[in-house]
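The values are calculated or read from the model by the stated rules, or taken from the named source; none is laboratory data. Note that the coordinates shown come from a computational prediction; the quantities given were computed from them, not determined experimentally. Here the Cβ positions follow ideal geometry from the backbone for every residue, glycine too, while neighbour counts run over all protein chains shown.
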Amino acid sequence: MKWPILKGKTLVLGITGSIATYRAADLTRALKKEGVDVHIVMTKNSCQFITPLTMQVLSENPVRVELFDLKSEEIGHIATARMADVLVVAPATANIMAKAAHGIADDYLSTILLAATSPVLFCPAMNPAMYHHPATQENIRILKNRGNFVLEPEAGSVVCGEEGKGRFPPIERIIHEIAYILTPKTLKGKKVLISAGPTREFFDPVRFISNPSSGKMGFALAGVACLRGAAVHLVSGPVTLEPPPGVQVYNVVSAKDMYDAVMSLAPNMDVIIMAAAVGDYRPEKVMSSKIKKKLSKVEISLVQNPDILASIGANKRDNQVVVGFAAETDNLLENAEKKLRKKRLDFIVANDVTKPGCGFFYDTNQVKILMPGGKVEEVPRMSKQEVADKIIDLVEKTLKSKKSDE
Ligand code: CTP
């Protein structure tokens, strides 16, 4: 599971008739995988593109199409509108947005849009000329001004062969937007700095010393903090991950670059989390040309890099929360406890990287969180997204306790 906030939520998915209608099937499957209870409402036109039966099988719930159903005893459209934690229209045609903007309720979907009390997300997908038409743009403005969410379509070539904005967005972007809408903004107004990934210490123009960090843990933390409304600054070593939407990224290579980037941002931050696997040593000399294979043995002398987290800890303000990680192969608690004290941290997240499914490049992690005073919280093996959620919960708790101390 990637988005813990989605688990157990009820989502009403409105489907309208567009060539992108079939993508609603992928969206439904992805939502079901996240533990969402999906209830589908289809317009009659959308049934030309995909059958209600397909959507019923995928959603595991009855599909609504007709507004007046003699078999049903309840006032269906009101009940459907009220059950939703969030209502999503995907794909949304120009027509459904025009109806919603002007309060027209002439079928099941347009009627529940008028009766809805939950947040509503429209995911428009259409021909670029229809999307850019002043009427469509005006309707989108009306919907947004009324507090609805509208996810911009992607640019590129659309099915009819034209180029422009109007493509249905990737499923992952829609799910992220739904998670954003559903997440309470408990970190609003807070500035959070997160470091992630490995560093590279070059000893000639084409070779370097590094470690296998993927950056997944730091990127997951940045994603969670961003969903909760924080302004997130992510300083990252070289990784192949897509940064979470809305996060400001600073790309760095060496430990020295990371030190400079982090130390210049740190004084203005409310929270600093060092999840990066910073190289402790760098080659003493960096050759200006590639080392040739002439010699049978090459010795590289290493010198120590600055400890970024120790510098942050030494300069930290009383109301700042500073969190470190400890990747250990032996004496987990003992080593982590030393780092917690020495670097003046609010807490440290320790993991034994020799355990299966833990640390560096895995999608899961199993950690122990150590607090000053000896308290230890054991977090069982779970996805890095879920571990990130737990860590950010604790950050919020620590921020609150510092505020009440002031
Ligand atoms: N860290 C840092 N700067 C360094 C080395 C580490 O900021 N030059 C940070 C890491 O991002 C992590 C914490 O310090 O949050 C602990 O890192 P770790 O590599 O586990 O420990 P070290 O302090 O480097 O000690 P050792 O390598 O001896 O275990």
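Report yes if some residue within region 325-343 is on the phi > 0 side of the Ramachandran plot, more than 25 Å from the chain's Cα centre (by Cα) and of a type outside the set (D, E, K, R); otherwise report no. Within region 325-343, one or more residues are on the phi > 0 side of the Ramachandran plot, more than 25 Å from the chain's Cα centre (by Cα) and of a type outside the set (D, E, K, R).
Quick check on Glu377: is it within 18 Å of Leu332 (Cβ to Cβ), modelled with pLDDT of 85 or more and either out of contact with any Gly (no Cβ under 9 Å at 6 or more places or on another chain) or part of a helix (DSSP H, G or I) (or both)? For Glu377, the condition - within 18 Å of Leu332 (Cβ to Cβ), modelled with pLDDT of 85 or more and either out of contact with any Gly (no Cβ under 9 Å at 6 or more places or on another chain) or part of a helix (DSSP H, G or I) (or both) - is met. Scan region 215-231 and give yes if some residue there is modelled with pLDDT of 95 or more, within 16 Å of the ligand (Cβ to nearest atom) and among the β-branched types (Val, Ile, Thr), otherwise no. Within region 215-231, none of the residues are modelled with pLDDT of 95 or more, within 16 Å of the ligand (Cβ to nearest atom) and among the β-branched types (Val, Ile, Thr). For Pro238, the conditions (1) buried (at least 19 other Cβ atoms within 10 Å of the Cβ); (2) of a type outside the set (A, V, I, L, M); (3) within 16 Å of the ligand (Cβ to nearest atom) are fulfilled apart from (1).
Selection of first residues in region 251-273 that are under 29 Å from Lys188 (Cβ atoms) and in the same structural domain as Val321 (by TED's automatic domain parsing) and of second residues that are away from the ligand (no atom under 13 Å from the Cβ) and in a helix (DSSP H, G or I), restricted to Cβ pairs under 6 Å at least 6 apart or on distinct chains, gives the following pairs, ordered by first then second residue: Val271/Val395. Just to check your reading of the model, which residue among Ile104, Ile96, Ile174, Ile178 is on the phi < 0 side of the Ramachandran plot, modelled with pLDDT of 95 or more and part of a loop (DSSP other than H, G, I, E, B)? Going through Ile104, Ile96, Ile174, Ile178 in turn, the sole match is Ile104.
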